[in-house]
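The values are calculated or read from the model by the stated rules, or taken from the named source; none is laboratory data. Because the structure is a prediction, the values reported are computed rather than measured. Cβ: placed from backbone, ideal geometry, glycine included. Neighbour counts: every protein chain shown.
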Amino acid sequence: MIPIEKPAIAESRWLAGRFMPGPEDLVFAVVLGVTLAGGRYGLFGDPGTPWHFRLGNDILASGSVARCDHLTWTRAGTPWVDQSWGFDVLLAGIVNSWGWSMTVALTAIGLAVLYASMARGLVRDGAAPISAIAAALLAAGIGAIHFLIRPHLFTYGFVYLSLRACQRQHERGGTSVFLVPLYTAILANLHGGFVALPVIVATAALGHAISGGWDRARLRQVLTFALAAGLSALAALANPYGIGLYRHVVGLLFSSGLTTMINEYQPAPFGRPGAEILEWFLLALVALPVVSSRRIDRYPLVHVLVWLHLALTSIRNAPFFAMAAAPAIASLIDGLPLSSRRSWKPDGRASVWPAVAAAALLVVAARGVWLGGFDPHKWPFDALATLDRQPLSSRLFHEQDWGGLIEARTSPLRRTYLDDRFELFGKKAIVEYVEVLTGGPTWDEVGTRDRIDLVWLRPDRGLAKRLKKDPSWTVLFEDRVSVLLALRPPGVTTRASLRTGRSSGPTWLSAHR
């Protein structure tokens with residue numbers, strides 16, 4: 001006779017299972033805590049975040065996406081594709097309703113859920129809890145190089161979902177892989193990283209093809225993968241720009257020549273701070289097979305090799321390589337002599353703790369508690385009030401990193417010389433801009449040609465030092481972060497007559513705390 005468990009005992013065990021943390025809960029807590037601690041200012045380190053916010057507000061006000069530039073005076077009216085328009089709208093809606101702290105909370109929660117899901121998926125696939133935790137945290141450490149409030153964070157999520165869908169298709173067949181075209185259609189309206197999803201499916205097709213003997217069943221699966229890859233490529237056309245989105249992304253990546261000038265497109269910077277975890281990850285892939293009783297199967301090996309190549313040629317792909325290689329790392333760790341197969345949480349049910357922590361954090365953010373923002377020691381907020389008092393007709397030359405800040409924060413809103421949308425300006429203009437910053441002869445040509453009468457730069461720039469000594473220019477504002485200079489108008493003979501002092505501070509940020 002099979003013993004029947006009493007309802008009270010069964011309920012108590014169910015509750016105990018719901019309150020007992022699992023491996024994924026540890027990963028969730030670590031990623032959430034580290035992101036909140038390091039992201040206080042770190043999440044706001046990208047110069048594009050402010051112009052994403054500005055464009056989101058413009059879309060909400062006009063009801064249409066931008067099709068030409070309206071943020072700069074040097075490229076006004078030039079055709080341009082906002083590949084992240086969906087993210088822009090989401091960002092503006094969140095900040096306008098709950099402030100910047102809510103973006104910090106949602107970013108931290110989203111990243112914690114992502115890597116916790118990775119750990120949980122590895123355990124479900126048979127990895128030991130300690131192996132799953134190690135692989136997920138290593139992947140999170142590599143991904144942290146791009147933990148910023150930027151649209152590429154959505155690519156993190158959809159890359160992981162696509163890898164899991166392809167893995168299920170490889171192991172079980174069915175139609176799981178046809179989720180990827182849906183993911184691609186969504187991501188194509190959030191970030192240009194949508195191009196990674198068809199690549200993942202095509203890589204999965206190759207991995208499945210070489211994973212065993214060739215027969216009709218394997219052929220059908222490979223054809224299924226190929227069809228899903230084609231549908232994913234077509235699904236990206238479901239965006240306001242149609243085929244123009246592909247032209248924009250392909251032009252930036254392959255024909256613009258700009259990728260050599262953008263840090264995130266550079267090869268992995270081994271030997272420099274920030275790349276240590278990637279080095280450890282690669283060393284583990286090399287060393288572990290020597291001492292582990294496990295070997296990497298052909299299917300995950302193909303993903304590892306493809307994404308390793310992409311990560312070594314462009315550091316922006318390193319987080320995706322870590323996601324693709326996590327199952328291989330977990331398997332190799334499992335094969336170590338000291339590995340433990342003991343189950344951490346036998347019932348396998350998710351605990352309530354991540355949901356409780358996420359809900360508490362959202363409540364804190366909604367109540368206006370400051371969780372993070374733009375670092376006032378790096379961003380030139382104190383000069384904004386002085387800049388706002390200058391005529392809108394003035395032609396401003398400034399730090400490229402401050403372009404988004406000017407476009408989003410000045411009052412009234414002011415057009416910029418340039419921002420970090422390099423594809424809008426082209427390689428020649430960016431090279432010229434860099435030369436102007438030195439204060440050399442290129443400034444004489446550009447300053448006259450573009451009739452520049454305001455300059456706002458970091459004090460250590462060669463151009464800033466030159467203009468401070470030039471009697472034709474006067475300092476309007478100066479502190480340790482920035483110096484704002486104006487071309488001296490006729491009849492003004494002293495610098496003191498134009499100096500206006502400090503602003504009242506970063507009201508744009510404090511209003512949303």
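Summary of computed values
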{"quantity": "Candidate set: segment 443-461, residues that are of a type outside the set (A, V, I, L, M, F, W, C) and within 25 Å of K378 (Cβ to Cβ); chosen: the one nearest to the chain's Cα centre (by Cα)", "calculated": "R458"}
{"quantity": "Residue in segment 43-54 that is under 30 Å from A140 (Cα atoms) and without any contact (Cβ under 8 Å) to a residue 24 or more places away in the chain present", "calculated": "no"}
{"quantity": "Set A318, A326: member being closer than 30 Å to R218 by Cβ and either in contact (Cβ under 8 Å) with a residue 40 or more places away in the chain or surrounded by fewer than 15 Cβ atoms within 10 Å (Cβ to Cβ) (or both)", "calculated": "A326"}
{"quantity": "Filter pass, L219 being free of Cβ contacts under 8 Å to residues at least 12 places away in the same chain and not acidic (D, E)", "calculated": "yes"}
{"quantity": "Residue match in segment 173-192 (condition: within 25 Å of F44 (Cα to Cα) and at pLDDT below 95)", "calculated": "yes"}
{"quantity": "Residue match in segment 370-385 (condition: part of a loop (DSSP other than H, G, I, E, B), over 26 Å from the mean Cα position of the chain (by Cα) and surrounded by 14 or more Cβ atoms within 10 Å (Cβ to Cβ))", "calculated": "no"}
{"quantity": "Of the criteria (1) in contact with a Leu (Cβ under 6 Å, 6 or more places away or on another chain); (2) at pLDDT 95 or above, which one L361 fails", "calculated": "(1)"}
{"quantity": "Test: residue in segment 269-289 that is touching an Asp or Glu at 6+ places or on another chain (Cβ under 9 Å) and over 25 Å from A429 (Cα atoms)", "calculated": "yes"}
{"quantity": "Residue in segment 462-473 that is within 19 Å of P380 (Cα to Cα) and at pLDDT below 95 present", "calculated": "no"}
{"quantity": "Hey, S211 touching a residue at least 24 places away in the same chain (Cβ under 8 Å), crowded, with 23+ Cβ neighbours inside 10 Å and over 17 Å from the mean Cα position of the chain (by Cα) or not", "calculated": "no"}
{"quantity": "Any hit, segment 345-357, residues being touching a Ser or Thr at 6+ places or on another chain (Cβ under 6 Å), surrounded by 15 or more Cβ atoms within 10 Å (Cβ to Cβ) and in contact (Cβ under 8 Å) with a residue 12 or more places away in the chain", "calculated": "no"}
{"quantity": "Those residues of segment 245-263 which are over 22 Å from A233 (Cα atoms) and exposed (fewer than 15 other Cβ atoms within 10 Å of the Cβ), in sequence order", "calculated": "G257, T260, M261, N263"}
{"quantity": "Inter-residue pairs, beta-carbon under 8 Å, first in contact (Cβ under 8 Å) with a residue 40 or more places away in the chain and in segment 403-416, second assigned to a helix (DSSP H, G or I) and among the hydroxyl-bearing types (S, T, Y), 6+ apart", "calculated": "G404/T49"}
{"quantity": "Matching entry among A205, A238 (being assigned by TED's automatic domain parsing to the domain that holds Q169, in a helix (DSSP H, G or I) and under 30 Å from L179 (Cα atoms))", "calculated": "A205"}
{"quantity": "Checklist (1) farther than 26 Å from H398 by Cβ; (2) within 16 Å of the chain's Cα centre (by Cα) applied to F53, failing item", "calculated": "(1)"}
{"quantity": "Of all residues making up segment 474-502, the number that are among the polar types (S, T, N, Q) and modelled with pLDDT under 75", "calculated": "4"}
{"quantity": "Condition met for L305 (in contact (Cβ under 8 Å) with a residue 24 or more places away in the chain and either in the same structural domain as S84 (by TED's automatic domain parsing) or touching a strand residue (DSSP E or B) at 6+ places or on another chain (Cβ under 7 Å) (or both))", "calculated": "no"}
{"quantity": "Complete set of residues in segment 270-290 that are part of a helix (DSSP H, G or I) and either surrounded by 11 or more Cβ atoms within 10 Å (Cβ to Cβ) or not assigned by TED's automatic domain parsing to the domain that holds I329 (or both)", "calculated": "E276, I277, L278, E279, W280, F281, L282, A284, L285, A287, L288, P289"}
{"quantity": "Residue check for V34: touching a residue at least 60 places away in the same chain (Cβ under 8 Å) and in a helix (DSSP H, G or I)", "calculated": "yes"}
{"quantity": "Number of positions in segment 440-493 that are buried (at least 19 other Cβ atoms within 10 Å of the Cβ) and assigned to a loop (DSSP other than H, G, I, E, B)", "calculated": "2"}
{"quantity": "Condition broken by A196, with the remaining ones in (1) under 23 Å from F87 (Cα atoms); (2) touching a His at 6+ places or on another chain (Cβ under 9 Å); (3) touching a residue at least 60 places away in the same chain (Cβ under 8 Å) satisfied", "calculated": "(2)"}
